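**Student:** To start, I am sharing the structure in question, which I have written as structure tokens.
What follows draws every value from the coordinates through simple rules; no lab data is involved. Note that this is a predicted model, so its numbers are computed, not measured. Note: ideal-geometry Cβ built from the backbone for every residue, glycine included; neighbour counts use all protein chains shown.
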Amino acid sequence: MIVARILKDKGRNVITATPDTPMAEVTRLLTDNRIGALAICDNDALIGIISERDIVTALSAHGAAIMQEPASRHMTKEVVTCTEQDTVHHLMEDMTTHRFRHIPVVENGKLTGIVSIGDVVKLRLALIEMEAESMRDYIKTG
Ligand code: AMP
């Protein structure tokens, strides 16, 4: 199963922010859209990612003053990305190895989606359910 299959179901819309977006606005975008991470883009180029964990870490280290600071100060700059042709298995390996829950999808330098660990779990459950259903049918008709 490849990444394109997940995007077909969830869509290719990605909530983004610019590097100068204040952290208060980043927090609002995450809660309003019920998501865990934002892609940070500069003129359409992906330059970072910021997740709930970055906000908690920054708050714990520096307190509420960080809410006035720009996203660029707290985002992760070395973003691990995937392509639409990558396998979901490969994504699960990356998420497990690097211990993060989001992977932006980039095709020819353009952001075309984002996959969360929740999307991966949802797909895996659907596949397991489909397999069980075919086994039940096979046994019934056998
Ligand atoms: P998460 O588990 O996605 O909330 O992220 C945990 C940490 O990993 C945070 O510091 C994020 O900024 C960072 N992070 C999340 N996704 C990625 C990614 N695809 N590439 C690099 N860092 C990431």
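**Student:** For the range 1-110, run through the GluC sites (Glu not before Pro) and keep only the ones in DSSP coil with at most 14 other Cβ atoms within 10 Å of their Cβ. Let's see the in-between values first.
**Tutor:** Numbers: sites: Glu25, Glu52, Glu78, Glu84, Glu93, Glu107; in loops: Glu78, Glu84.
Sites meeting the loop and neighbour criteria: Glu78.
**Student:** A further question follows. Between Thr57, Thr21, Thr81, where does the largest GNM mean-square fluctuation fall for the chain, given springs only between Cα atoms within less than 10 Å?
**Tutor:** Thr57
**Student:** At 222 nm, what value in deg cm²/dmol follows for the chain if DSSP H runs of at least 4 each add -39500 (n - 2.57) and the sum is divided by all its residues, to the nearest 500?
**Tutor:** Result for the chain, helices only: -14500 deg cm²/dmol.
**Student:** For Thr81 paired with Leu125, estimate the spin-label separation in nm (one decimal), with each label point 7 Å from Cα along the Cα-to-Cβ line.
**Tutor:** 3.0 nm
**Student:** Summarise the long-distance tail of P(r) for the range 95-142 by giving the % of C-alpha pairs beyond 13 Å. Show your work: numbers first, answer last.
**Tutor:** On the way: 775 of 1128 pairs.
In whole percent, the long-distance tail amounts to 69.
**Student:** When only alpha-carbon atoms count, how far does the chain stretch along each of its three principal axes, as whole angstroms with the largest first?
**Tutor:** The Cα atoms of the chain stretch 67, 33, 28 Å along their principal axes.
**Student:** Share of antiparallel DSSP beta bridges in the chain, in percent to the nearest 5? It would help to have the intermediate numbers written out before the result.
**Tutor:** Working: 15 of 18 bridges.
Taking every DSSP beta bridge with both residues in the chain, the antiparallel ones total about 85 percent.
**Student:** What does the extension gain come out to for Ala132 and Ala24, with contour length at 0.36 nm per residue minus their alpha carbon separation? Walk me through the numbers before you get to the answer.
**Tutor:** Values: separation 108, 0.36 × 108 = 38.88 nm, distance 4.57 nm.
Additional length available on full extension: 34.3 nm.
**Student:** Pick from Ile35, Ile114, Ile49 the residue whose mean-square fluctuation is largest in a GNM of the chain, springs joining Cα atoms under 10 Å.
**Tutor:** Maximum fluctuation in the GNM of the chain, among the listed residues, is at Ile35.
**Student:** In the chain, what is the count of Lys pairs whose alpha carbons are under 29 Å apart, counting only pairs at least 8 residues apart or on separate chains?
**Tutor:** The number of close lysine pairs in the chain is 10.
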